[in-house]
Amino acid sequence: MIRIVPLVLSVVLSLAQCAAAQSISSARGMTVLVYFTGIGCPHCACLVNERVTLDNPDVEHLLAQDRVVTLRGDSTNPDPAITAALHRFGRDGAPLYVLYTADGRAEVQPQVLTPGIVLAALVGLEAGRHGENHSPA
């Protein structure tokens with residue numbers, strides 16, 4: 001079971017456009033996955049991404065590691081903090097998946113996720129943390 005920290009948007013995402021997630025990642029050397037979902041998500045992409053990718057046993061295993069924090073924002077009900085965070089990344093709505101690297105860089109992931117996309121991103125971040133190069137040939 002992955003540890004999902006419910007997003008307290010007025011605290012986390014309204015602070016200088018996701019600065020709290022960047023702070024967690026850079027100050028603690030952790031990877032932070034911030035994702036936005038909601039009932040109004042187009043074409044049920046959020047639900048499919050959650051069931052097919054985020055609930056995948058291999059993905060859950062990597063997200064459960066001590067160096068990964070997962071924050072979830074629910075955009076079902078209008079919230080100015082969620083809207084501002086989505087706009088920061090050029091989006092008007094969910095889904096949005098952002099991985100913050102250990103040095104605080106934000107890497108926006110595709111709107112339609114696969115287990116392979118998430119696993120590659122997480123393994124790549126972990127390899128980078130250790131100075132390894134696991135990029136595809």
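The values are calculated or read from the model by the stated rules, or taken from the named source; none is laboratory data. Just so it is clear, the structure is predicted and the values come from calculations on it, not from any experiment. Every residue, glycine among them, receives a Cβ derived from its backbone with ideal geometry; neighbour counts consider all protein chains shown.
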Exercise. Looking only at the range 38-47, count how many residues are modelled with pLDDT of 85 or more and touching a Pro at 6+ places or on another chain (Cβ under 7 Å).
Key: 2
Quiz item: Given (1) modelled with pLDDT under 80; (2) acidic (Asp, Glu); (3) within 13 Å of the chain's Cα centre (by Cα), where does Glu50 come up short, assuming only one miss?
Solution: (1)
Quiz item: Within the range 71-84, can one find any residue that is surrounded by 15 or more Cβ atoms within 10 Å (Cβ to Cβ) and modelled with pLDDT of 85 or more?
Solution: no
